[in-house]
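This report refers to the structure that appears directly beneath it.
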Amino acid sequence: MFTQWLKRDNNQRFAISLGSVATMFGAWVFVTETGLANPLFLPGPKAIYLAFIDCLFEGYQGSTLVEHVGTSLYRILAAFLLACLVGIPLGIAMGMSKTAHAIFNPFIEFYRPLPPLGLYTLLVMWLGIGESSKLALLFLAGLPGIIIATVQAVKDINPTFVLATKSLGASRMELIREVYLPGAGPTILTGMRISLGFVYTVLVAAEIVAATAGIGWMIWDAAKFLLSDIVIMGLIILGLTGIALDMIMRFIGYALMPWTRATRKFSKT
Amino acid sequence: MQNVAQVMDFNSIEEQPALKKRGRIQIDNVSLVFGTGKQANIAVQETSLDIEPGEFVCILGPSGCGKSTLLNSVAGYVTPTTGEVLVDGEPVVEPGPDRGMVFQQYSLLPWKTTFDNIALGPSLCGDVEATRTAEYFLDMVGLTKYRNHYPAELSGGMQQRVGIARALATNPSVLLMDEPFGALDAQTRLVMQESLLEVWSEFGTTVLFVTHDVDESVFLADRIIVMSASPGKVVAEFDNPLPRPRSPDMSTRKDYIEIKQKCLEVIRSESLRAFELQNA
Ligand SMILES: Nc1ncnc2c1ncn2[C@@H]1O[C@H](COP(=O)(O)OP(=O)(O)O)[C@@H](O)[C@H]1O
Ligand SMILES: [Mg+2]
């Protein structure tokens with residue numbers, strides 16, 4: 001099934017993407033090799049590669065690269081899963097009930113635009129400088145996107161599906177299981193993908209206080225010493241893990257929601 | 001809820017199944033008003049209807065005359081502003097599996113296959129033989145080959161067949177149908193009407209069928225209730241003398257033409273009245 005999923009992507013579009021990435025890489029090599037760019041700010045691919053190897057085997061500030069990446073991925077995934085576990089049921093409740101929406105929406109709308117660092121200051125005061133404030137910040141960053149997508153998805157469900165299923169004898173819980181959850185599934189998945197991005201955007205903010213490991217902390221720490229090769233290497237790794245996690249989510253969606261692959265075999269009538 | 005599998009004789013699927021629940025529908029002085037004050041819209045005004053067990057009744061009328069609203073009050077989707085609906089003597093308060101509903105279109109759950117859509121009702125009703133029940137109805141509507149297809153992969157006619165099978169699979173005492181063939185092309189519609197009568201002749205369930213198509217109502221119904229708009233109410237009622245079994249070539253018979261004429265006359269005079277009302 002996995003290979004099937006990979007193949008579904010248009011080969012031509014994939015070639016175009018590959019081409020644009022290769023061009024960008026080429027431009028990078030060109031400006032760094034010809035000395036057009038100051039290596040202090042933009043080191044070449046080779047310097048990045050060496051920093052990578054160095055961090056991989058020697059580590060950075062007491063932790064190996066694998067530890068840095070592992071620590072951050074653990075924080076991201078734990079907070080993100082928690083955001084899904086809270087956000088999806090809450091979003092379904094808010095989509096189904098105007099009262100539930102009225103109760104929870106003000107808080108979500110209020111904290112959503114707050115700058116992560118400002119929020120983090122308060123979380124540290126409440127939860128201390130340890131792991132829990134970091135997880136809480138990442139969790140709060142991921143939550144609204146999931147809720148908003150789920151609420152919208154539930155509201156967009158064709159009301160006939162609900163009536164038809166009620167007529168088949170479904171209770172409220174059975175309606176959630178048979179109609180709301182699967183009906184909202186594809187949009188929830190999109191919300192999750194966007195939310196994971198939000199979790200990533202606050203990673204550095206979450207790791208700048210009292211961390212000794214984590215890829216966000218590594219980037220932050222390296223920047224203080226103008227180690228731009230390590231900063232860029234960290235960003236590339238962060239970006240690649242993001243792409244990988246997004247691919248995993250899309251694949252899970254593809255596997256869990258086979259009907260989204262159904263294609264029309266007859267004319268409409 | 002009676003268990004479908006227990007009453008059905010699966011060893012002789014080709015024979016007539018024993019399943020036969022025939023409900024009585026009593027619509028007692030029902031009015032349905034949407035909105036309040038100046039925006040108040042009387043969708044159905046003080047309508048009373050009595051539908052006998054096993055009867056096939058068509059509600060015929062132009063679009064917007066309150067046919068769906070009246071049917072929805074039997075289904076339990078809307079609550080009458082005044083009056084009440086009784087099915088087998090029980091007041092209708094909410095939707096339930098004793099009243100099967102077939103919608104015009106797009107009502108199958110897109111995330112369930114043909115088979116799972118049909119099996120959903122029986123399993124929600126606690127039918128221990130849900131799989132066999134679904135199997136039976138799948139076979140009845142002739143879609144065994146399409147059991148693992150999703151609704152998006154079926155033609156409009158097939159989707160409506162699944163809709164009918166799904167509604168019957170909970171062993172309802174009445175079958176409610178809201179212009180179920182209205183979105184189909186003319187040829188498919190004729191085939192579907194015939195299949196519906198075939199199924200109905202086996203099950204004999206009470207049917208309340210909404211349509212705006214005079215020919216459809218004459219071909220299907222024992223009794224035709226004509227409604228008119230603003231406000232929505234019953235304006236005429238005809239017993240259909242056309243004998244059963246019905247076949248498409250009956251449309252040239254004298255009694256067919258006569259009853260069709262009667263229906264058309266009422267609809268025409270009501271349309272004229274509505275037209276004059278609008279231009280008054
Ligand atoms: N949910 C609703 N809210 C407000 N008005 C409605 C609603 N449903 C139907 N109506 C109004 O009631 C009238 C009858 O509608 P309907 O029962 O759908 O007619 P029909 O099925 O005969 O076409 C129409 O004027 C329609 O606008
Ligand atoms: Mg209607």
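Observations on the structure shown:
- Filtered residues of the range B:42-61 (kept if open to solvent by 10 Å² or more (accessible area, probe 1.4 Å) and within 13 Å of ligand 2 (Cβ to nearest atom)): B:Ala43
- Count of the range B:165-187 residues, restricted to those that are away from ligand 2 (no atom under 16 Å from the Cβ) and open to solvent by 10 Å² or more (accessible area, probe 1.4 Å), is 3.
- Which numbered condition A:Ala170 misses (of (1) farther than 18 Å from A:Ile88 by Cα; (2) open to solvent by 30 Å² or more (accessible area, probe 1.4 Å); (3) at pLDDT 95 or above): (2)
- Of the criteria (1) within 25 Å of B:Val87 (Cβ to Cβ); (2) in contact with a Gly (Cβ under 8 Å, 6 or more places away or on another chain), which one B:Thr188 fails: (1)
- Residue count for the range B:133-163, restricted to those that are within 9 Å of another protein chain (Cβ to nearest Cβ) and not in a loop (DSSP other than H, G, I, E, B): 7
- Flag if A:Gly62 is more than 15 Å from A:Ile219 (Cα to Cα), loosely packed, with under 13 Cβ neighbours inside 10 Å and at pLDDT below 90: no
- Residue match in the range B:246-259 (condition: away from chain A (no Cβ under 14 Å) and either closer than 30 Å to B:Phe34 by Cβ or within 16 Å of ligand 2 (Cβ to nearest atom) (or both)): no
- Qualifying residue in the range B:156-177 (condition: over 21 Å from B:Ser48 (Cα atoms) and of a type in the set (D, E, K, R)): yes
- Among the residues of the range B:81-106, those that are away from ligand 2 (no atom under 16 Å from the Cβ) and over 18 Å from B:Gly23 (Cβ atoms) comprise B:Thr81, B:Thr82, B:Gly83.
- Residues that are hydrophobic (A, V, I, L, M, F, W, C) and modelled with pLDDT of 95 or more, drawn from the range B:139-149: B:Leu143
- Residue in the range A:67-76 that is open to solvent by 80 Å² or more (accessible area, probe 1.4 Å) and in contact (Cβ under 8 Å) with a residue 12 or more places away in the chain present: yes
- Single residue of A:Ala205, A:Ala223 found to be touching a Pro at 6+ places or on another chain (Cβ under 7 Å) and either away from every other protein chain (no Cβ under 14 Å) or modelled with pLDDT under 95 (or both): A:Ala205
- Extreme residue, nearest to B:Ser63 (Cα to Cα), among residues of the range B:104-160 that are free of Cβ contacts under 8 Å to residues at least 40 places away in the same chain and of a type in the set (Lys, Arg): B:Lys112
- Pick from the range B:102-119, criterion among the aliphatic types (A, V, I, L, M) and open to solvent by less than 10 Å² (accessible area, probe 1.4 Å), ranking: nearest to the chain's Cα centre (by Cα): B:Val102
- The helices (runs of 4 or more DSSP H) located wholly in the range A:61-156 that include 2 or more residues which are basic (Lys, Arg) occupy A:131-155.
- A:Met125 vs. criteria under 26 Å from A:Ile208 (Cα atoms) and among the aliphatic types (A, V, I, L, M): yes
- The condition of being at pLDDT 95 or above and more than 10 Å from chain A (Cβ to nearest Cβ) holds for only one of B:Leu71, B:Leu120, B:Leu124, B:Leu109, that being B:Leu71.
- Helices (runs of 4 or more DSSP H) wholly inside the range A:187-269 that include at least 3 residues being open to solvent by 40 Å² or more (accessible area, probe 1.4 Å) and in contact (Cβ under 8 Å) with a residue 12 or more places away in the chain: A:228-256
- Filter result for A:Gly183 (at pLDDT below 95, out of contact with any strand residue (DSSP E or B) (no Cβ under 6 Å at 6 or more places or on another chain) and open to solvent by 20 Å² or more (accessible area, probe 1.4 Å)): no
- Failed criterion for A:Trp28 (all others in (1) of a type in the set (A, V, I, L, M, F, W, C); (2) surrounded by 12 or more Cβ atoms within 10 Å (Cβ to Cβ); (3) within 25 Å of the chain's Cα centre (by Cα) hold): (3)
- Within the range B:62-87, tally of residues that are more than 8 Å from ligand 1 (Cβ to nearest atom) and open to solvent by 10 Å² or more (accessible area, probe 1.4 Å): 9
- Consider the range B:188-233 and keep the residues that are among the hydroxyl-bearing types (Ser, Thr, Tyr) and in contact with a helix residue (DSSP H, G or I) (Cβ under 8 Å, 6 or more places away or on another chain). The one that is most open to solvent (accessible area, probe 1.4 Å) is B:Ser230.
The values are calculated or read from the model by the stated rules, or taken from the named source; none is laboratory data. Everything quoted here is computed from the prediction, not taken from an experiment. FYI the Cβ positions are ideal-geometry reconstructions off the backbone, even for glycines, and counts take in every protein chain you see. Side chains are part of the model used for accessible areas, which takes the heavy atoms of the whole protein and leaves out ligands, DNA and RNA. Shrake-Rupley method; radii C 1.70, N 1.55, O 1.52, S 1.80 Å.
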